[in-house]
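The values are calculated or read from the model by the stated rules, or taken from the named source; none is laboratory data. All values reported here derive from a predicted model rather than from experimental measurement. Glycine also receives a Cβ, built like all others from the backbone with ideal geometry; neighbour counts cover every protein chain displayed. Ligands, DNA and RNA are stripped out before the accessible areas are found, and what is left, the full protein with its side chains, is counted by its heavy atoms. Shrake-Rupley method; radii C 1.70, N 1.55, O 1.52, S 1.80 Å.
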Amino acid sequence: MLFDANSFLQLIVDQFKHTTWPEWLGVITGFVCIYLAAKENILSWPISIISVIAYAWVFFDARMYGDMALQFYFLFTALYGWYYWSKKDTAPHKPIESLGARGWILAGSSVAVLSVLLGLFLDHFTNTDVPYEDGFCTAMSFVAQMLLTRKVLQNWILWIIVDICYIPLYIYKHLNLSAVFYAFLVAIAIKGYLDWRRTYREQAN
């Protein structure tokens with residue numbers, strides 16, 4: 001069968017036409033807040049509040065309950081991050097920190113344990129068809145977000161991994177706009193890591 005580029009393009013267009021307005025809102029505000037986070041701009045946090053509320057509805061509708069619950073965590077961390085980044089300190093900006101070996105072990109262990117527990121819970125107590133995939137992505141996002149609120153450099157590494165994992169999951173759940181959005185987020189997360197790493201090295205000098 002020959003590949004019909006026009007038919008494929010029309011399929012993509014049709015899918016985007018059926019994208020709900022909460023998903024559009026979540027994608028647009030999510031893109032802005034991640035971009036601002038990479039720039040260490042405090043406005044990232046209030047904009048992220050809009051995004052998480054929109055995505056809570058999107059994930060509920062898609063039966064991705066782990067990610068839906070994650071949005072309430074994101075709401076809390078957005079408020080916390082907003083407060084933490086705005087605190088007056090002796091330095092004009094909160095310094096970027098870096099994980100040591102102990103921090104990596106704690107982060108990795110937290111992701112592993114949370115993934116199993118969330119996967120089991122979603123598998124036994126909800127009607128989701130992606131319990132363990134949802135559980136893993138939720139757990140990874142949970143840890144990455146906490147590191148972001150504390151301005152820990154390696155939060156971007158976790159976001160790169162989880163954003164890549166989300167792309168096929170969203171395609172499977174027919175959240176095509178979100179899949180495209182997360183492909184862009186991979187690039188933003190890579191740039192965020194490089195920018196934060198440069199700032200971190202400058203702090204050390």
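Go through the range 75-87 and give me each residue that's touching a residue at least 60 places away in the same chain (Cβ under 8 Å) and either buried (at least 22 other Cβ atoms within 10 Å of the Cβ) or under 15 Å from residue 24 (Cα atoms) (or both).
Scanning the range 75-87 gives a single hit, 81.
Take the residues in the range 100-123 that are of a type outside the set (A, V, I, L, M, F, W, C) and within 11 Å of residue 134 (Cα to Cα); name whichever of them is most open to solvent (accessible area, probe 1.4 Å).
Looking at residues that are of a type outside the set (A, V, I, L, M, F, W, C) and within 11 Å of residue 134 (Cα to Cα), I get 123.
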Scan the range 149-180 residue by residue and report those that are under 20 Å from residue 78 (Cβ atoms), buried (at least 23 other Cβ atoms within 10 Å of the Cβ) and modelled with pLDDT under 90.
-> 178
From 171, 167, grab the single residue that is on the phi < 0 side of the Ramachandran plot, free of Cβ contacts under 8 Å to residues at least 24 places away in the same chain and touching a Phe, Trp or Tyr at 6+ places or on another chain (Cβ under 6 Å).
-> 167
Residue 67 being among the acidic types (Asp, Glu), surrounded by fewer than 17 Cβ atoms within 10 Å (Cβ to Cβ) and more than 21 Å from residue 151 (Cα to Cα) | no
Which residue pairs have Cβ atoms closer than 9 Å, lie 6 or more positions apart in sequence or on different chains, and pair a first residue in the range 43-64 that is within 14 Å of residue 138 (Cα to Cα) and open to solvent by 40 Å² or more (accessible area, probe 1.4 Å) with a second residue that is assigned to a loop (DSSP other than H, G, I, E, B) and not aromatic (Phe, Trp, Tyr)?
-> 63/126; 63/127; 63/128; 63/129; 63/130; 63/173
